[in-house]
Amino acid sequence: MADSGVIANRQHGSRLPAVSITLGALSIRSFWMVGLGFILGVTAVLCGAIATLRSSVAEDEAASLRALLGVVAGAAGITTSAIALLPMLAFM
């Protein structure tokens, strides 16, 4: 009985790591939309950083790695958005 309670606890853990990955992936995919990829990337980094501070995520290695992946994906989205924005600024 005790094992099923632990499994149920892990299944209902924090959703912030998954949200961070999703927002990071969306930020990479939407880099060409002016500002949207940047905003989604910053949000992904914030969600991942907040998720790593939670004790439920810190105790679960898989959730901690998902939060880190969300931070990396968000940083990649910020970088690609900045690279795409620089040539647009030259024409303004």
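The values are calculated or read from the model by the stated rules, or taken from the named source; none is laboratory data. Just so you know, these numbers come straight off a predicted model, no measurement behind them. Methodologically, a virtual Cβ is constructed for each residue, glycine included, from the backbone with ideal geometry; neighbour enumeration extends over all protein chains shown.
One table, with the values for the structure above:
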quantity: Which listed residue is more than 12 Å from the chain's Cα centre (by Cα) and either buried (at least 18 other Cβ atoms within 10 Å of the Cβ) or part of a helix (DSSP H, G or I) (or both), from Thr52, Thr80; calculated: Thr80
quantity: Residue list for region 10-64, restricted to those being of a type in the set (D, E, K, R) and more than 30 Å from Leu86 (Cβ to Cβ); calculated: Arg10, Arg15, Arg54, Glu59, Asp60, Glu61
quantity: Residue count, region 1-51 (criterion: polar (S, T, N, Q) and at pLDDT below 90); calculated: 4
quantity: Among residues of region 41-66, those that are in contact with a Lys or Arg (Cβ under 9 Å, 6 or more places away or on another chain) and aliphatic (A, V, I, L, M), counted; calculated: 4
quantity: Members of region 55-71 found to be of a type outside the set (S, T, N, Q) and surrounded by 16 or more Cβ atoms within 10 Å (Cβ to Cβ), listed by number; calculated: Val57, Asp60, Ala63, Arg66, Ala67, Leu68, Leu69, Gly70, Val71
quantity: Subset of region 33-49 [within 10 Å of the chain's Cα centre (by Cα) and among the small types (Gly, Ala, Ser)]; calculated: Gly41, Ala44, Gly48, Ala49
quantity: Residues of region 32-69 satisfying the condition of being touching a residue at least 40 places away in the same chain (Cβ under 8 Å) and acidic (Asp, Glu); calculated: Asp60
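Yes/no matrix, rows are residues, columns are (1) assigned to a helix (DSSP H, G or I); (2) surrounded by fewer than 22 Cβ atoms within 10 Å (Cβ to Cβ); (3) in contact (Cβ under 8 Å) with a residue 12 or more places away in the chain:
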residue: Ala18; (1), (2), (3): yes, yes, yes
residue: Ile21; (1), (2), (3): yes, no, yes
residue: Leu89; (1), (2), (3): yes, yes, no
residue: Met92; (1), (2), (3): no, yes, no
